[in-house]
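Trainee: Pasting in a structure now, in structure tokens, and then I'll have a few things to ask.
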Amino acid sequence: MPPTPHRPRFALALAGTLTLTAALAGCGGTGTAGGDGRVVTVYSADGLKGTSAEGWYDAQFKAFEKQTGITVKYVEGGSGEIVQRAVREKNNTQADVLVTLPPFIQQAEGEGLLEPYKPRGWGKVAAADKAADGSWTSLVKNYAGFIRNSEKLSQKPETWRDLLDEKYQDKLQYSTPGVAGDGTAVLIKAMHDFGGLKPAMDYFEKLQENNVGPSSSTSKLGPKVDKGELLVANGDVQMNFAQARSMPNLDIWFPAREGGEPSTFALPYAAGLTKSAPQSENGKKLLDFLLGKKAQLDVSATGGGFPARTDVDPEDENAAALDRIMEGVKVFRPDWRKIDRNYDTYIDAWEGATGS
């Protein structure tokens, strides 16, 4: 049974920050962005495209364009932003492929935005990392996490309670639940670690004393932590690992509950073919390409993430470093259907606790 559609909970005013760009056009592709159909448009949550260095998207889009002659147009925003943009365009669909994080991919499915399609290699993706009917499929596995400035914090915090210390006042920030996928992940992890909605909200009310304020994008927090403007922020392993190549003061860590062990949960970049996509066949070709073995082997090397395919086991230095980051961290599995059903309740409770 599909998820129940939700009333819009996204920051509509932020839609203007989404910039449509022809990603890597002219890097070997023979196609143009004209009306000949040699184009594919991707709406994606941020994190997989490089900033100062080449990211996974950069490398894969370039290779895809060279192989197919199809130009990739790329639109980036917060996980909730790009879904809400697609909702507004439902009667005039612009995107061919939608990539976002849970629970927003489930919301996109519930809003009727996705057309079931099982890319080549789909059978090698674990059942928990895809929709049974092919509405969406994980492309890059990833995990929720936090970052600290390792230069200014010689010892990383260990528990949620540590973040209530006055030394973090105006030096701590997490992205906004309901707008950013990683921000929503903070909410989900807190509810898990504290054992329910109310104790988690009691905590967020206290944490608000130290919180700088809302942020629609998690990726913008990394540079602030690296420069020391913030001591601690939320993030995710893939994005922060990739950022650390040019931001040497970033250190990834995972909060624990009092007396517990560090924990996290999978937060994959999940992709779906957009219903009524203007270039549906090109969208299918791109999904086939991104889930192919060659692209999956490159996930850790250029993207800093984990392959979605279970039959792909990269052996590069980044893969080994990522495995070390995850050592001793307990991975739990959220009930995404339950989260999707109760999503509005969770966001309302968080807004009430923080006055946001």
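Trainee: Between helix 317-326 and the chain, what is the angle of the helix's C-alpha long axis to the longest principal axis, kept within 0 to 90° and rounded to the nearest 10?
Mentor: 40 degrees
Trainee: Filter the cross-link list LYS49/LYS118; LYS73/LYS220; LYS90/LYS206; LYS227/LYS284; LYS130/LYS285 down to pairs whose alpha-carbon distance in this structure exceeds 30 Å. Mind dumping the intermediate values first?
Mentor: Numbers: LYS49/LYS118 24 Å; LYS73/LYS220 22 Å; LYS90/LYS206 40 Å; LYS227/LYS284 41 Å; LYS130/LYS285 18 Å.
Checking Cα-Cα distances, LYS90/LYS206; LYS227/LYS284 exceed 30 Å.
Trainee: Here's another thing I want to ask about it. Sorted from fewest to most neighbouring beta carbons within 10 Å, what does the list THR345, THR93 look like?
Mentor: THR345, THR93
Trainee: Can I ask one more? Give me the angle, in degrees from 0 to 90, between the Cα long axis of helix 343-354 and the longest principal axis of the Cα atoms of the chain, rounded to the nearest 10.
Mentor: 40 degrees
Trainee: Lys/Arg Cβ at +1, Asp/Glu Cβ at -1, dipole of the chain taken about the Cα centre: which of TYR269, ALA321, THR218 is farthest positive-ward?
Mentor: TYR269
Trainee: Stretch GLU205-GLU158 to full length: gain in nm at 0.36 nm per residue minus the Cα-Cα span?
Mentor: That pair, GLU205 and GLU158, stretches by 15.0 nm at full extension.
Trainee: Calculate the FRET efficiency for LYS167 and SER276 from the Cβ-Cβ distance with a Förster distance of 41 Å, rounded to the nearest 0.05.
Mentor: Working: r = 52 Å, r/R0 = 1.27.
The calculated FRET efficiency here is 0.20.
Trainee: Using the alpha-carbon centroid of each, what span in Å lies between segment 164-180 and segment 281-317?
Mentor: 33 Å
Trainee: Please give the helix 197-207 orientation as an angle from the longest Cα principal axis of the chain, in degrees from 0 to 90, rounded to the nearest 10.
Mentor: 70 degrees
Trainee: Mind ordering 239-247, 157-165, 63-71 by average Cβ neighbours within 10 Å, highest first?
Mentor: For the peptides 239-247, 157-165, 63-71, the packing ranking is 239-247, 63-71, 157-165.
Trainee: Something else about it: In nm, to one decimal, how far is the modelled label at LYS90 from the one at ASN342, with both set 7 Å along Cα→Cβ?
Mentor: Reported label-point gap for LYS90 and ASN342 is 2.6 nm.
Trainee: If you don't mind, there's one more thing I want to ask. Take every Cα pair under 8 Å in segment 125-247 that's 6+ residues apart, average their separations, divide by the length, and report that relative contact order as a whole percent.
Mentor: About 37 percent, as a whole number.
Trainee: Moving on. Starting from the Cα of LYS224, draw a straight line to each of the aspartates and glutamates and keep only those under 14 Å, dropping any in the same chain fewer than 8 residues away.
Mentor: Cross-link targets: GLU151, ASP170, ASP251.
Trainee: Please give every one of the aspartates and glutamates within straight-line cross-link reach of LYS275, meaning a C-alpha to C-alpha distance under 16 Å, and leave out same-chain neighbours fewer than 8 residues apart.
Mentor: GLU89, ASP96, GLU109, GLU111, GLU115, ASP133
Trainee: May I ask you to evaluate 6.51 cos²θ - 1.76 cosθ + 1.60, the Karplus curve with θ = phi - 60°, for each residue of segment 118-133 and list the ³J(HN,Hα) values in order in whole Hz, giving x for glycine and proline?
Mentor: Result, rounded to whole Hz: 9, x, 4, x, 4, x, 8, 9, 4, 4, 5, 10, 7, 7, 4, 8.
Trainee: Where nothing but the Cβ of Lys and Arg (+1) and of Asp and Glu (-1) is charged, how large is the charge dipole of segment 128-274 around its Cα centre, in debye to the nearest 20?
Mentor: I would put it at about 300 debye.
Trainee: Rank by packing, highest mean first: peptides 43-49, 318-324, with packing defined as the count of other Cβ atoms within 10 Å averaged across residues.
Mentor: So the order, starting with the most tightly packed, is 43-49, 318-324.
Trainee: Next question, about the same structure. Express the relative contact order of segment 55-170 as a whole percentage, based on alpha carbon pairs under 8 Å and six or more residues apart in sequence.
Mentor: Details: 55 pairs, mean separation 15.7, N = 116.
RCO, segment 55-170: 14 percent.
Trainee: Going by the alpha-carbon gyration tensor, a ≥ b ≥ c the square roots of its eigenvalues, is segment 158-255 rounded (a/c under 1.5) or, if a/c is not under 1.5, prolate (a/b greater than b/c) versus oblate?
Mentor: prolate
Trainee: Spelling out what I want: for every residue of segment 235-248, take phi, set θ = phi - 60°, compute 6.51 cos²θ - 1.76 cosθ + 1.60 (Karplus), and round to whole Hz; glycine and proline get x.
Mentor: Running phi through 6.51 cos²θ - 1.76 cosθ + 1.60 with θ = phi - 60° gives x, 8, 4, 4, 5, 5, 5, 5, 5, 5, 5, 10, 10, x Hz.
Trainee: Taking the Cα centre of the chain as origin, work out the dipole magnitude from +1 charges on Lys and Arg Cβ and -1 charges on Asp and Glu Cβ, in debye rounded to 20.
Mentor: 700 debye
Trainee: Hey, another quick one. Take peptides 145-156, 332-343 and line them up by average Cβ neighbours within 10 Å, highest first, as a rough protection proxy.
Mentor: 145-156, 332-343
Trainee: Right, here's the next one. If contacts are Cα pairs under 8 angstrom and at least 6 residues apart, what is the relative contact order of segment 230-303 in percent?
Mentor: Result for segment 230-303 is 23 percent.
Trainee: Report the one residue of LEU230, SER356, PRO334 whose Cα lies farthest in the direction of the positive end of the charge dipole of the chain (charges on C-beta: Lys and Arg +1, Asp and Glu -1; origin at the Cα centre).
Mentor: Comparing the listed Cα positions along the dipole, PRO334 ranks first.
Trainee: Could you go through segment 149-156 in sequence order and give the Karplus-derived ³J(HN,Hα) for each residue, using 6.51 cos²θ - 1.76 cosθ + 1.60 with θ = phi - 60°, rounded to whole Hz, and x for Gly and Pro?
Mentor: With the stated coefficients, segment 149-156 comes to 7, 6, 6, 8, 10, 5, 10, 6 Hz.
FYI, it's all coordinate maths here, none of it is from the lab. In this text, all values refer to a predicted model and were calculated from it rather than measured experimentally. As a convention, Cβ positions derive from the backbone with ideal geometry for all residues, glycine included, and neighbour counts pool all protein chains shown.
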